[in-house]
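Working notes for the structure below.
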Amino acid sequence: MEIDPLPNGSGSNAATSPETVSTTTAITVASNTAPSSKLSHLTESLKLEHQFLRVPFEHFKKTIRNNHRTVEKEVSAVISSVTVVADSDEISKDDAILSLTSLVSRLQGIKRKLEEGSHAENLQAHRCRARLDHLDSADAENLSEWNNVRLKRILVDYMSRMSYYDSAMKLAESSNIQELVDIDVFQEAKKVIDGLRNQEVGPALAWCADNKSRLKKSKSKFEFQLRLQEFVELVRAENYMRAILYARRYLSPWGATHLKELQRVMATLAVRSHTECAKYKVLFEPKQWDFLVDQFKQEFCRLYGMTLEPLLNIYLQAGLSALKTPYCYEDDCTEEDPLSQDSFRKLAMPLPYSKQHHSKLVCYITKELMDTENPPQVLPNGYVYSTKALKEMAEKNNGKITCPRTGLVCSYSDLVKAYIS
């Protein structure tokens with residue numbers, strides 16, 4: 001409890017010693033610092049949640065656009081039908097009844113589509129609200145629990161990107177975070193990716209048609225690349241006349257902006273699929289389909305505001321960048337170092353080395369920093385541990401110290417203090 005001293009140095013009932021005041025002040029500062037540091041950490045964490053909100057919002061906008069386009073098309077068709085019937089001077093009673101029945105049926109279909117569209121929009125809006133509420137619920141008191149949920153979200157994101165949809169769904173359901181993850185969005189992408197891997201451009205072209213305006217706005221070449229590949233497949237099948245007709249219909253509109261690429265592909269009609277010319281041979285290689293898969297992933301992530309790399313990789317690389325030193329890649333690197341493992345080394349390969357002006361000693365037992373407040377002490381066998389760890393061990397074992405690495409047993413008085421220069 002904090003005590004406010006009176007001007008003459010006395011408390012309300014009794015005198016307060018300088019030791020009491022300093023202790024009370026230290027406790028107050030510590031209690032204020034802890035929540036402050038947690039709050040600062042929380043603020044930094046929330047800055048990384050751009051994708052968390054962007055994806056459902058983009059999905060919500062896409063649903064609204066699709067519903068608007070569908071309704072506009074259907075209503076336009078109904079109005080045209082009514083206009084035709086109204087302008088007809090000579091129409092029999094039976095024809096009028098038939099036309100009205102057809103219009104009623106069509107209007108009922110519009111009503112059903114409106115209800116389905118409204119339901120889809122409400123689900124997307126609810127998901128956006130749920131994510132806003134989740135971010136709003138984060139505070140210094142429940143930071144540990146909130147971080148645990150975020151870790152599960154990151155794992156679901158990784159599983160979804162790696163096509164482990166069943167595992168991702170089970171983790172989301174068991175953790176009750178279905179509204180906080182985007183499994184359905186990745187399943188949409190899976191249909192296109194599977195089609196491209198089976199050398200089919202149909203699903204990808206359908207996806208391009210659904211997102212035509214946005215792809216055009218971002219000046220995407222993905223649809224053009226799909227059309228080129230479909231043309232190449234016709235040449236491979238030696239269906240040259242069909243390839244020419246296909247080029248006239250689907251490739252000629254791209255001539256103004258991609259003439260050189262178009263000329264190169266059109267030359268395959270002359271050199272054929274069995275050519276040995278490297279410039280054209282590469283167009284018939286299977287890796288072209290892998291290139292289309294990678295390009296689709298880039299376009300898909302850009303469309304939804306996602307990171308191209310899985311979030312798990314990004315977070316791991318952020319941590320590894322602080323640990324990476326030249327010593328990590330030497331044969332005698334300690335097993336406690338994450339970079340002693342090949343998987344982490346591969347992940348950290350493109351990262352720069354950590355800039356450290358001074359070496360830091362970390363206790364093998366407590367994993368805490370050894371400094372002037374917690375100085376290192378040397379055992380007779382040469383191993384070094386922190387004073388805090390060795391004191392706790394000595395208190396529990398009647399002054400005896402056991403080296404956790406070699407098993408050497410010695411007395412606390414045998415230790416030698418090490419000095420850091």
Report, ordered by chain and residue number, the aspartates and glutamates lying within cross-link reach of Lys279, taken as a straight Cα distance under 14 Å and ignoring same-chain residues fewer than 8 apart.
Glu261
Given the pairs Lys73/Lys297; Lys191/Lys297; Lys113/Lys217; Lys221/Lys346; Lys61/Lys152; Lys190/Lys212, which span a C-alpha to C-alpha distance of over 21 angstrom in this model?
Lys73/Lys297; Lys113/Lys217; Lys221/Lys346; Lys61/Lys152
Roughly how tilted is helix 165-175, in degrees to the nearest 10 and between 0 and 90, from the longest Cα axis of the chain?
50 degrees
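Output the peptides 181-194, 60-73 sorted from most to least packed, where packing is the average of other Cβ atoms within 10 Å over each peptide's residues.
Values: 181-194: 18.0, 60-73: 14.1.
Top of the packing list down: 181-194, 60-73.
How large is the charge dipole for the chain, taken about the Cα centre, if only the Cβ atoms of Lys, Arg (+1) and Asp, Glu (-1) carry charge, to the nearest 20 debye?
Dipole about the Cα centre, nearest 20: 1640 debye.
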Karplus couplings for the stretch 110-117 from phi (6.51 cos²θ - 1.76 cosθ + 1.60, θ = phi - 60°), rounded to Hz, Gly and Pro as x?
5, 4, 4, 5, 5, 5, 5, x
The ³J(HN,Hα) series, computed from each phi in the stretch 222-232 with the Karplus coefficients 6.51, -1.76 and 1.60 at θ = phi - 60°, rounded to the nearest Hz and given as x for glycine or proline, is 4, 4, 4, 5, 5, 5, 4, 5, 5, 5, 4
In 20 Å bins starting at zero, report the fraction of Cα pairs in the chain per bin as a rounded %.
16, 33, 30, 15, 6, 1
For the stretch 292-346 and the stretch 76-152, write down the distance between their C-alpha centroids in whole Å.
42 Å
Probe 1.4 Å, protein heavy atoms only - accessible area per residue of the stretch 146-188 in square angstrom
49 Å²
Lysines near Lys400 by alpha-carbon distance under 20 Å, same-chain residues fewer than 8 away left out - which ones?
Lys388, Lys391, Lys417
Residues with amide H under 5 Å from that of Leu361, placed H, sequence gap 5 or more:
Met370
Relative contact order of the chain, please, whole-number percent, based on alpha carbon pairs below 8 angstrom and at least 6 residues apart.
10 percent
If you line up the long axis of helix 143-161 against the longest principal axis of the chain, both from Cα atoms, how many degrees apart are they, to the nearest 10?
40 degrees
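The values are calculated or read from the model by the stated rules, or taken from the named source; none is laboratory data. For clarity, every value in this text was computed on a predicted model and none was experimentally measured. Every residue, glycine as well, gets a Cβ built from its backbone with ideal geometry; the counts of neighbours run over all protein chains shown. Protein only, heavy atoms only, side chains kept; ligands, DNA and RNA dropped before computing areas. Shrake-Rupley method; radii C 1.70, N 1.55, O 1.52, S 1.80 Å.
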